[in-house]
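Written below as structure tokens is the structure these notes are about.
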Amino acid sequence: MKILRSGQAEPLNPETFLRLYQELKPPHNFILGVTWYCAERVGAVCQLRRANVYDRKGKPLDAVVIPGASRKDRCTREVSVTPKLRKLLIQIPKSDSEWLFPSQLNPKKHIHPDCYKAALSRACKRLGLVGYSSHSARRGAITHLARSGISVRVIQQISGHKSLASVQRYIDFDSIEVRGGLELL
């Protein structure tokens, strides 16, 4: 559990994701949603340009293009736009800014991840959630996929991790799952 910025963030589960999404206000709820549905880091989501997400008419593309320059591994990824992600992208207000999530102080710049992190922290506090951070949506999406029976190799492709070992560090498990596994033997 993450405490005082140390340790791994608690992964969101679908129910907690929904509670947080409803508690956050725009644009922070939309950042949480894109982070969850793309299984991407917050920093990369905050740096998305509208052209990475929408066509010239303002309709969501078939894939969100996450430029390598904004990603930890510096590799560009394309994330297929699922019906849930499309519904979310349609709700994001249009703006004259090139950024999907422009800074409220300077629309010529993207929102700073720390602004989102502060809003998320306040929302978690209001909901009584402990151990969650801006990385909880990515960890939660990956854990949710694993618990749903998706192979680690497919999850690696979805999340953009370079190695299976990296993906496996994201997957959370509990003692009930371990016991259930042992009972299969």
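The values are calculated or read from the model by the stated rules, or taken from the named source; none is laboratory data. Values in this document were obtained by computation on a predicted structure and should not be read as measured data. Every residue, glycine among them, receives a Cβ derived from its backbone with ideal geometry; neighbour counts consider all protein chains shown.
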Hits in segment 26-49 - residues which are more than 17 Å from LYS87 (Cα to Cα) and either part of a loop (DSSP other than H, G, I, E, B) or among the hydroxyl-bearing types (Ser, Thr, Tyr) (or both): GLU40, ARG41, GLN47, LEU48
Residue in segment 106-116 that is of a type in the set (Ser, Thr, Tyr), under 19 Å from ARG138 (Cα atoms) and in contact (Cβ under 8 Å) with a residue 60 or more places away in the chain present: yes
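What residue, among those in segment 106-155 that are in a helix (DSSP H, G or I), among the hydroxyl-bearing types (Ser, Thr, Tyr) and under 16 Å from GLN8 (Cα atoms), is nearest to the chain's Cα centre (by Cα)?
Taking segment 106-155 and keeping what is in a helix (DSSP H, G or I), we get 113-127, 136-147, 152-155.
Remaining after also requiring among the hydroxyl-bearing types (Ser, Thr, Tyr): 116, 121, 136, 143.
If we keep only those that are under 16 Å from GLN8 (Cα atoms) as well, we get 121, 136, 143.
Values: SER121: 15, SER136: 8, THR143: 12 Å.
By that ranking, first place goes to SER136.
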Candidates ARG126, ARG138 - the one that is farther than 19 Å from LYS25 by Cβ and among the charged types (D, E, K, R): ARG138
Set TYR116, TYR170: member being aromatic (Phe, Trp, Tyr) and at pLDDT below 95: TYR170
Evaluation of GLU40 against (1) over 16 Å from the mean Cα position of the chain (by Cα); (2) of a type in the set (Asp, Glu); (3) under 29 Å from LEU127 (Cβ atoms) (one fails), failing number: (1)
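Matching residues to (1) part of a helix (DSSP H, G or I); (2) within 21 Å of LEU18 (Cα to Cα); (3) not aliphatic (A, V, I, L, M):
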residue	(1), (2), (3)
ALA51	yes, no, no
LYS57	no, no, yes
LEU85	yes, yes, no
LEU88	yes, yes, no
LYS94	no, no, yes
Test: residue in segment 132-153 that is over 15 Å from CYS38 (Cβ atoms), surrounded by 12 or more Cβ atoms within 10 Å (Cβ to Cβ) and either in contact with a Lys or Arg (Cβ under 9 Å, 6 or more places away or on another chain) or modelled with pLDDT of 95 or more (or both): yes
Any hit, segment 69-81, residues being within 23 Å of LYS108 (Cβ to Cβ), touching a Phe, Trp or Tyr at 6+ places or on another chain (Cβ under 9 Å) and at pLDDT 95 or above: no
